[in-house]
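The values are calculated or read from the model by the stated rules, or taken from the named source; none is laboratory data. Keep in mind that what you see is a predicted model, and the values were worked out from it rather than measured. Don't worry about glycine lacking a Cβ; one is built from the backbone with ideal geometry, like all the others, and counts go over all protein chains shown. SASA here: full protein model, heavy atoms, side chains in, ligands and nucleic acids out. Shrake-Rupley method; radii C 1.70, N 1.55, O 1.52, S 1.80 Å.
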Amino acid sequence: MPRERLYLFDTTLRDGAQTNGVDFTLADKLAIARMLDELGVDYVEAGYPGANPIDTAFFAERRPLKGKITAFGMTRRPGRSASNDPGLAALLAAEADAICFVAKSWDYHVRVALETSEEENLASIRDSVAAAKAKGREVLLDCEHFFDGYKANPTYALACAKTAYDAGARWVVLCDTNGGTLPHEVETIVGEVCRHIPGDHTGIHAHNDTEQAVANSFAAVRAGARQIQGTLNGLGERCGNANLISIIPTLKLKREYAERFEIGVADAALGHIARVSRALDDLLNRAADRHAPYVGESAFATKAGIHASAIMKEPATYEHVAPERVGNKRKLLVSDQSGRSNLLAELERIGFAIDKDDPRLSRLLDAVKEREAQGYAYESADASFELLARRLLGKVPRYFEVEKFDVNVEQRINAKGERVSVSLAVVKVKVGDDALISAAEGNGPVNALDLALRKDLGKYQSYIAGLELTDYRVRILNGGTQAVTRVLIESADEEGDRWTTVGVSANIIDASFQALMDSIVYKLVKAGAPA
Ligand SMILES: [Zn+2]
């Protein structure tokens, strides 16, 4: 049976840019547009030309993308003609394949926010669609507050949608702008709309305020809609937009959708979707959500021992899809609850073939349990676990030795009369017969220690040149009478690999030092540095 085409419309660069703390530069926008293009989305909505310098610059020239570049803006203002509206003129002048207009479809908003008549709002929709069509653009109409509007006045909400469709809009997009509509309501309302506007001209734009934006998108598709709007990682104001990173794998891997629909995302591109998700977080300089469906670090992680032994035999026993399909990895967590199967599987993954009756296995299990009782968390720190295992099996060279370090934090009043803190670290390292001393200033004691430690490692320096710390997390544990500090450090290198290390101590600097050391040694092992 031929499959129906379902279209994906990405609005990371427009609606996603409304996220608190997100501020895209032009270079960011171009990089994200390329990522979206590699993924295979059909429409890349890039912003509002004329509204700010970055968006205006984006649309000032033709951008070579396979997806349709879409400019976003308002329909003509009430009481003006289409030819006499500067906002509309900027939109029509943009170098874009498609124009997405936003218009009110809730009579209450037309009256209160727009302060115009229902008829004038319909005329504005009609004229704007016609003007963009005349310019040769594909046209979309975002019906703002469509679901709330439909509940209040179905006739008028539908009239807005129908006016755009009759004027030649390729898509009429039903927006759940406040994000409060529930899936069964979306399914009913979209079903009713599709009796008047064909489903292959109807889209859904859902917000995540009840954490059901993805479910709402699928409810709309079940009711007939054939365009889904969303963003990478669900970026968007308040609680975000529908998350395309979750929607795409479901469309490709769940039979109900995969058998009925075809999308522009190829299997090979799906195999990189975890990387796309992480690349966006890197660009935003924020830690990835470990529990994100399909792509999170924990999405295919198993902790309990009995699950792990089953998963080793038949992965499908505890996995709803194969992690490789979305570019993710199966992970068996090593922790004090873990059985031998987890441990064996982890050892195998890092390249140690060891017999299940080998006495070293019990020693490693005991070491993990003992250290976890002190506060170490190996299930979060894969690289520290690997080093612990390698050390017990006798396979980590002594590359260098830190003979001593000294960290000094000074608070004083500077020349401008401001109170400032300055941190200085001095590290004395022995590499072979060479004694090296490095000093560095940092914005805090851990930063200074890190900079000093990685400043000069003699013959090993070239191996750690691409090493970068990407996340630093501190947790105070109240295990007994005295609090201890656990530090988790995430590192990345020039090959795009990431690993996490852990340190535990009553002293935060000591805990950080252990995690930093593990990270450097792990990188040297990984790079095959000679002893
Ligand atoms: Zn929106």
(request) Give me the angle, in degrees from 0 to 90, between the Cα long axis of helix 382-392 and the longest principal axis of the Cα atoms of the chain, rounded to the nearest 10. (result) 20
(message) Please compute the Kirkwood hydrodynamic radius over segment 44-92, one decimal place, Å, based on all pairs of different Cα atoms.
(response) 11.6
(request) Would you mind checking the tilt of helix 244-253 against the longest principal axis of the Cα atoms of the chain, expressed as 0 to 90 degrees and rounded to 10? (result) 90
(request) Can you tell me the order of 362-369, 224-231 when each peptide is scored by its average per-residue count of other Cβ atoms within 10 angstrom, highest first? (result) 224-231, 362-369
(message) Rounding to the nearest 10 and keeping the result within 0 to 90°, find how far the Cα-based axis of helix 118-134 lies from the longest principal axis of the chain.
(response) 70
(message) Heavy atoms of the protein only, probe of 1.4 Å, neighbouring chains included. What is the accessible area of residue 201 in Å², nearest 10?
(response) 40
(request) For segment 4-68, give the magnitude of the charge dipole about the Cα centre (Cβ charges: +1 Lys/Arg, -1 Asp/Glu; no others), in debye to the nearest 20. (result) 200
(message) Per residue, how large is the accessible surface of segment 68-132? Use a 1.4 angstrom probe and give square angstrom.
(response) 43
(request) Extending each Cα 7 Å along its Cβ direction at residue 471 and residue 3, get the distance between those two points in nm, one decimal. (result) 3.2
(request) Please state, to two decimals, what the Cα-based radius of gyration of segment 387-444 comes to when divided by 2.2 N^0.38 Å (N = residues). (result) 1.72
(request) Alpha carbons only, please: Rg and Dmax for the chain, in angstrom. (result) 28.1, 86
(message) Keeping every protein chain present and rolling a 1.4 Å probe, give me the accessible area per residue for segment 391-489 in Å².
(response) 62
(message) As I understand it, the dipole of the chain uses +1 on the Cβ of Lys and Arg and -1 on the Cβ of Asp and Glu, about the Cα centre. Which of 69, 125, 488 lies farthest toward its positive end?
(response) 488
(request) Please report, largest first and rounded to whole Å, the three semi-axes of the ellipsoid equivalent to segment 375-531, where each semi-axis is the square root of five times an eigenvalue of the C-alpha gyration tensor. (result) 26, 21, 14
(request) Please arrange 100, 239 by accessible surface area, largest first, computed with a 1.4 Å probe and ligands excluded. (result) 239, 100
(request) Would you mind working out the magnitude of the charge dipole of segment 418-511 relative to its Cα centre, with +1 at each Lys and Arg C-beta and -1 at each Asp and Glu C-beta, to the nearest 20 Debye? (result) 420
(request) Would you please give the FRET efficiency between residue 314 and residue 261, computed as 1/(1 + (r/R0)^6) with r the Cβ-Cβ distance and R0 = 25 Å, to the nearest 0.05? (result) 0.30
(message) Quick check for you: with a 1.4 Å probe and neighbouring chains kept, what is the accessible area per residue of segment 209-297, in Å²?
(response) 39
(message) Once neighbouring chains are kept in place and the probe is 1.4 Å, which whole percent of the accessible area of the chain is contributed by carbon and sulfur?
(response) 48
(request) Report the one residue of 299, 309, 269 whose Cα lies farthest in the direction of the positive end of the charge dipole of segment 250-317 (charges on C-beta: Lys and Arg +1, Asp and Glu -1; origin at the Cα centre). (result) 309
(request) Based on the mean of other Cβ atoms within 10 Å per residue, sort peptides 283-293, 208-218, 385-395, 312-322 so the most packed one is first. (result) 208-218, 385-395, 283-293, 312-322
(message) Give me the base-10 log of I(q)/I(0) for segment 481-531 at each q in 0.17, 0.26, 0.31 Å⁻¹, Debye formula, one uniform scatterer per Cα, rounded to two decimals.
(response) -0.54, -0.91, -1.09
(message) So if I place +1 on the C-beta of Lys and Arg and -1 on the C-beta of Asp and Glu, and nothing else carries charge, what would the dipole magnitude of the chain be about its Cα centre? I want it in debye, nearest 20.
(response) 560
(request) Could I get the Rg over Rh figure for segment 215-322? Both from C-alpha atoms, Rh via Kirkwood, rounded to two places. (result) 1.00
